[in-house]
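Taken together, the values in this text are just the output of simple stated rules run on the coordinates, not laboratory data. Not measured: the values here are computed from a predicted model. Every residue, glycine among them, receives a Cβ derived from its backbone with ideal geometry; neighbour counts consider all protein chains shown.
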Amino acid sequence: MTPSDVKATLSFSDGSPSMDLPIFKGSVGPDVIDIRKLYGQTGKFTYDPGFLSTASCNSKITYIDGDKGELLYRGYPIEQLATKCDYLETCYLLLKGELPNADQRVEFTKRVTNHTMVNEQMQFFLRGFRRDAHPMAIMTGLVGGMSAFYHDSTDINNPEHREICAIRLIAKMPTLVAMAYKYSVGQPYIYPKNDLSYAGNFMRMMFATPCEDYVPNDVLVRAMDRIFILHADHEQNASTSTVRLCGSSGTNPFAAIAAGVACLWGPAHGGANEAALNMLEDVQRMGGVEKIGEFIKQVKDKNSNVKLMGFGHRVYKNYDPRAKLMRETCHEVLSAMGMNNDPILKLAMALEKIALEDDYFVSRKLYPNVDFYSGIVQRAIGIPVSLFTAIFALARTVGWIAQLNEMISDPEYKIGRPRQLFNGSPTRDVKPVGER
Ligand code: SDX
C-alpha cells in the first residue's frame with residue numbers, strides 16, 4: 001500500500017476534535033481512507049451495511065473495474081486467459097501470482113491429477129442424503145467433511161498444509177461434484193482417469209457409466225474448461241468475503257471453503273445461474289418470445305418481486321466481461337450440438353436485447369452477468385440445472401483458497417470482528433413472570 005500525499009480530514013459540526021485520516025493508493029483502482037484508528041480516537045464506527053463503500057482487505061489477486069467492465073486475474077485480462085490458457089494454468093496463476101512455464105505447467109497438472117480420488121469412506125456421507133437432495137446441500141457437507149480426512153492439511157498457519165490442501169481441494173472438487181450428481185441419478189460413481197484433462201475427467205465422471213464409457217467432445221471440454229476459468233475468482237464477492245471471515249478465526253481451510261460453498265448457493269450470488277435458466281424455462285412455458293413483454297412488465301413491477309436473473313451486478317455497471325465470453329461459448333457449443341435454433345437461446349438473446357435497450361434496465365445499469373449465459377451452455381452440455389451452482393463452486397474453489405492464503409500470509413491480518421449500530425432496548429430489569 002502506498003501512502004497518498006492527500007489526507008482526509010474528518011470534522012464534526014458540534015465542535016468535537018477533527019481527525020486526519022491517512023489515504024492509501026493501490027496499484028490501480030480507487031484509493032482507500034484508512035479508518036483503523038477512527039473508533040479509538042472518536043468512539044464512533046463507520047456504517048456501511050452490504051459494504052458498498054468498504055475495502056475489507058489489501059489484495060493482489062483479482063482486479064475489477066465495474067465501469068469499464070474489466071476483470072484481471074493477477075494483472076492478466078480475463079479475455080486473454082479464457083482464450084490462451086486452461087483452467088489449471090489459471091489456478092497456478094491465482095495461487096502463485098505468475099503463469100506457469102512449460103515445466104511448471106506439467107508438474108502442477110500432474111500434482112493435481114494425482115489427487116483427484118477422494119477417500120473411499122467419503123462415499124458413505126452421500127448415503128445419508130435423500131436422492132433428491134440439492135447438490136449444494138451435499139457439497140456443503142462433503143467439503144466440510146474433508147476436514148475429517150486430510151489431517152495433514154488442516155493447519156491453516158502451516159504453509160506446507162496450505163499448499164497440499166489447495167492441491168487436494170482443486171483436485172477433488174470435480175470428483176465430489178460428479179459423485180453428488182451420480183448419487184442424485186442413482187448411478188454408480190465413476191473414478192477419475194489420470195490420462196484425461198481436468199475438464200475432460202470431470203465430464204467423464206459425470207456422464208460415463210460402467211456399461212458405457214464417455215469420450216469427451218473437445219468443443220464441450222473446452223467450453224467446460226472456459227466456464228471454470230471465468231468463475232475462478234472475483235475479488236471480494238460475498239462467498240470470498242465469507243471464506244476470509246471464516247478463515248480469520250484460524251479454522252481449517254476445508255471448513256472455510258465449505259462456508260464459501262454455503263454462501264455461493266444463494267440466488268443473489270452463485271445460485272443465479274440456476275435461477276436464470278429456471279426463469280428462461282418459465283418464460284418459455286408462458287409462451288416464449290411472444291410473452292416477453294408480459295414478463296418484463298412483472299420485472300418492472302416492484303410488488304412482483306420478480307428479478308431478471310442473470311442481470312445486474314454489485315460492481316459491474318457495464319457488461320460483465322465474463323458474460324461476453326460466455327455468450328461466445330454459448331454459440332460455439334450450441335452450433336457444435338446442432339442446437340442453433342434452441343428456443344431457450346433465442347429467448348435469452350431477445351431478453352438481453354430488451355435489457356440493453358429498455359430504459360428501466362439501462363438507467364439501473366443492469367447488464368447480463370456471467371450467470372446469464374453459463375446456464376444455457378451447461379444445459380447444452382447436459383448438466384442438470386440443479387448442478388450449475390455446484391460447478392460454480394468447483395471453479396471458484398481456487399479463488400477462495402488463493403484469497404484465504406493471501407489473508408493468512410498477511411502479517412497484519414487478525415480475526416474479523418465487525419461492530420454495529422445498536423437500536424435495541426437499553427438496559428432494563430427482568431420482572432417476575434407474574435408481573436410481565
Ligand atoms: C454473481 O459479487 C460478485 O462478484 C458476484 C459474482 C462472482 O463472480 O462472485 O459476480 C457472481 O453473484 C453475479 C450476480 C448474480 N446475481 C444475479 O444475477 C441475481 C439478479 N441480480 C440482482 O439480484 C442484483 O443485480 C445483484 C444482487 C446482483 C446486485 O444488486 P445491487 O448492486 O445491490 O443492486 P440493487 O439491488 O441495489 O439494485 C439497484 C436497482 C434496484 O431498483 P431500484 O430500487 O433502484 O428501483 O436495480 C434493480 C433493483 O430492484 N435490480 C434489478 C435487478 N438487479 C437489480 N431489477 C431487476 N432484475 C435484476 N436482476
Inset, instruction - For helix 218-230, report the angle its Cα long axis makes with the longest principal axis of the Cα atoms of the chain; keep it between 0 and 90° and round to the nearest 10°. - result: 10 degrees
Inset, instruction - Take every Cα pair under 8 Å in the chain that's 6+ residues apart, average their separations, divide by the length, and report that relative contact order as a whole percent. - result: 19 percent
Legend entry - HN-Hα J in Hz across the stretch 231-245 - Karplus 6.51, -1.76, 1.60, θ = phi - 60°, x for Gly and Pro: 9, 5, 7, 7, 6, 9, 5, 4, 6, 5, 5, 5, 4, 5, 5
Inset, instruction - Find how many whole Å separate the alpha carbon centroid of the stretch 346-384 from the alpha carbon centroid of the stretch 105-122. - result: 36 Å
Inset, instruction - Choose one of Thr46, Phe125, Ile156: the residue whose Cα lies farthest towards the positive end of the charge dipole of the stretch 35-167 (beta-carbon charges +1 Lys, Arg; -1 Asp, Glu; about the Cα centre). - result: Thr46
Inset, instruction - Evaluate E = 1/(1 + (r/R0)^6) for Met117 and Ser27, where r is the Cβ-Cβ distance and R0 equals 30 Å; express this FRET efficiency to the nearest 0.05. - result: 0.15
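With charges only on Cβ, +1 for K and R and -1 for D and E, what is the dipole size of the stretch 220-309 about its Cα centre, in debye, rounded to 20? Intermediate results must be reported in sequence, preceding the final value.
Numbers: 9 positive and 9 negative charges, 28 e Å.
Dipole of the stretch 220-309, to the nearest 20 debye: 140 debye.
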Inset, instruction - Report the paramagnetic label zone for Asp5: residues of the stretch 32-66 whose backbone N is under 20 Å from a point 7 Å from Cα along the Cα-to-Cβ axis. - result: 32-34
Inset, instruction - Neighbouring Cβ atoms within 10 Å as the yardstick, rank Asp218, Asp225, Asp14, Asp342 fewest first. - result: Asp14, Asp218, Asp342, Asp225
Legend entry - Under Karplus coefficients 6.51, -1.76 and 1.60, residue-wise ³J(HN,Hα) of the stretch 381-395 in Hz, glycine/proline x: 6, x, 7, x, 3, 5, 9, 4, 6, 5, 6, 4, 5, 3, 5
Legend entry - the stretch 149-282 - charge dipole about Cα centre, Lys and Arg +1 at Cβ, Asp and Glu -1, debye rounded to 20: 140 debye
Legend entry - Projected label distance in nm at Asn318 and Arg285, using a 7 Å step from Cα toward the beta-carbon: 3.9 nm
Inset, instruction - At 7 Å along the Cα-to-beta-carbon direction for both Asn217 and Ala350, put a label point, then send me their distance in nm to one decimal. - result: 2.5 nm
Inset, instruction - For a footprinting-style exposure proxy, rank Ile35, Ile415 by other Cβ within 10 Å, fewest first. - result: Ile415, Ile35
Inset, instruction - Name the residues whose placed amide hydrogens come within less than 5 Å of the amide hydrogen of Ala8, ignoring near sequence neighbours (fewer than 5 apart) on the same chain. - result: Leu21, Ile23
Inset, instruction - Relative to the longest principal axis of the C-alpha atoms of the chain, give the angle of the C-alpha long axis of helix 198-207, reported between 0 and 90° and rounded to the nearest 10°. - result: 60 degrees
Legend entry - the chain, dipole about Cα centre (Lys/Arg Cβ +1, Asp/Glu Cβ -1), debye to the nearest 20: 900 debye
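Given R₀ = 41 Å, FRET efficiency for Ala268-Ser13 by Cβ-Cβ distance, to 0.05? Provide the component values of the computation, followed by the final result.
Working: r = 37 Å, r/R0 = 0.91.
Calculated value: 0.65.
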Inset, instruction - For an R0 of 41 angstrom, estimate the FRET efficiency from the Cβ-Cβ distance between Glu294 and Asp132 and round to the nearest 0.05. - result: 0.85
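Just check the stretch 1-65 against the gyration tensor rule for me: Cα atoms, a ≥ b ≥ c as the square roots of the eigenvalues, rounded for a/c under 1.5, and otherwise prolate or oblate depending on whether a/b exceeds b/c. Can you show the working numbers first?
Values: a/c = 2.58, a/b = 1.68, b/c = 1.54.
Prolate shape, in that a/c is at least 1.5 and a/b is the bigger ratio.
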Inset, instruction - Rounded to whole Hz and in sequence order, give me ³J(HN,Hα) for the stretch 323-333 from the Karplus expression 6.51 cos²θ - 1.76 cosθ + 1.60, θ = phi - 60°, writing x for Gly and Pro. - result: 5, 4, 5, 5, 5, 4, 4, 4, 5, 4, 5
Legend entry - Degrees separating the helix 159-184 axis from the principal Cα axis of the chain, which is the longest one: 50 degrees
Inset, instruction - With unit charges on the beta carbon (Lys/Arg positive, Asp/Glu negative), name the residue among Val261, Val185, Ala199 whose Cα is farthest towards the positive pole of the charge dipole of the stretch 115-274. - result: Val185
Legend entry - Dipole axis of the stretch 293-436 (+1 Lys, Arg; -1 Asp, Glu on Cβ), positive-most option in Leu356, Phe422, Asn303: Phe422
Legend entry - Taking Thr427, Thr62 and counting other C-beta atoms within 10 Å, the order from fewest to most: Thr427, Thr62
